[in-house]
Amino acid sequence: MKLEFLGSGGNSPIPTPTCRCEVCAEARTEGVPYARHGNSMYLHDLNALIDAPEYAFSSLNRAGIDRLEYVFLTHWHPDHVNGLRVVQSRDLRSFFRNPDRGLLDAASEDRPTLVTTRAVYERTCETLGSLRHFVEAAGFADTHFLDEEPLSVGDYEVSAIPYPLEDADTEPDATAFVIESGGRTLLIASDDARYLDESRLPGADLAVFECGLFEALPDGTPLLTDADRSFLADELRHEEVIERIERVDPERAVLTEIEHLYARGADEYARLEADYDSIRFAYDGLVVEL
Ligand SMILES: [Zn+2]
Ligand SMILES: [Zn+2]
């Protein structure tokens, strides 16, 4: 399995337009790995994009990816779905070269399949009004709901572990993915996974988790007010993610969803990484093989 991190950022890109903080200034002059697109990944063997932030078109181009068969959706938050217009990406060579071939025929062929749970799809349609039109009227994408049937492709098996975003007792409106192939297991729970039921997680060769919130600068200066902390109460803190990794005990873990508000540049994550055994921080373009 080959997993590529197309974007390792969070809600805002780094650099964030108009921000002149040190992290953004460094990203502006140095580019990657200091600069980060929003959180998305690409699983090469399945030609699968995992989440579609606003940067989906440019991230796929930047990575030189020329096939898109699946789009996995972890949850409906705008920073993970606002790039879903990427399901309109098509190879239009046959349309350009063949005068008998119409645009609609070309667009309805080779369409990608959205892979998620029915609840995440329905919730995404609420937040992104155009999605239902794309899928159900225009036919730009198919759907496959993992809560109804796991996805089997060749020797790949993809299943869902649904979880709620806001409260352990609410309807699951997000999902983790378990991707198995050739005796290897990839676990992806890349954002807002506080209420993910750890007892359901498999032993994984690689787990992708969120980086988790830093509430202070590296020198200890607090960043958040009490009001901020209560607003962000559903976010896992970085220390909690590390504790989760100790409990779940994957062979390796990569942390992504590295937010602008954490106020840390790539060098700082490299310093942190040196303290951990099998934990890495993602950067745009990181490729992990398992
Ligand atoms: Zn900034
Ligand atoms: Zn989210």
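Laboratory data are not the source of any read-out in this text; all were calculated from the coordinates shown. Bear in mind that the values here come from a model prediction, so they are computed numbers and not experimental data. Heads up, the Cβs are rebuilt from the backbone with ideal geometry, glycines too, and the neighbour counts pull from every protein chain shown.
Can you give the % of DSSP beta bridges in the chain that are antiparallel, to the nearest 5? Don't jump to the answer; show the numbers that get you there.
Numbers: 28 of 52 bridges.
Just about 55 percent of them are antiparallel.
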**Segment residue 247-residue 58, length gained on full extension (0.36 nm per residue, minus Cα span)** = 64.4 nm
**Complete:** Most fluctuating of 237, 90, 101 in the GNM of the chain (C-alpha, under 10 Å) is 101
**Message:** 5 Å is the cut-off here: which amide hydrogens, built 1.01 Å from N in the peptide plane, fall below it relative to residue 185, excluding neighbours closer than 5 in sequence?
**Reply:** 205, 206
**Prompt:** Between residue 96 and residue 197, how many nm apart are label points set 7 Å from Cα along the C-beta direction?
**Reply:** 5.0 nm
**Request:** Can you pull the one-decimal nm distance between simple spin-label points at residue 277 and residue 225, each 7 Å off the Cα toward Cβ?
**Result:** 4.3 nm
**Asked** If r is the Cβ-Cβ distance from residue 233 to residue 110 and R0 is 45 Å, what FRET efficiency results, to the nearest 0.05?
**Response** 0.55
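Using Cα-Cα distances under 8 Å and only pairs 6 or more residues apart, what relative contact order does the chain have, in percent?
On the way: 601 pairs, mean separation 57.0, N = 290.
Here the relative contact order equals 20 percent.
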**Fill in**
Treating only Lys and Arg (+1) and Asp and Glu (-1) as charged, each at its beta carbon, one finds that region 149-290 has a dipole about its Cα centre, in Debye to the nearest 20, of 360 debye
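Please give the peptides 44-52, 139-147 ranked by average Cβ packing (other Cβ atoms within 10 Å per residue), highest first, as a rough proxy for protection.
Working: 44-52: 22.2, 139-147: 16.9.
Those peptides, ordered most packed to least, come out 44-52, 139-147.
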**Item:** Full-stretch length increase - residue 240, residue 20 - with 0.36 nm per residue and alpha-carbon distance subtracted
**Value:** 76.2 nm
**Prompt:** Using a simple spin-label model with points 7 Å from Cα along the Cα→Cβ vector, what separation in nm is obtained for residue 69 and residue 127?
**Reply:** 2.8 nm
**Request:** Quick one: among 246, 122, 198, which has the greatest mean-square fluctuation in a GNM of the chain with alpha-carbon springs under 10 angstrom?
**Result:** 246
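Among 275-288, 217-230, how do they line up by average Cβ neighbours within 10 Å per residue, starting with the highest? Mind dumping the intermediate values first?
Details: 275-288: 16.8, 217-230: 10.4.
Going from most to least packed, we get 275-288, 217-230.
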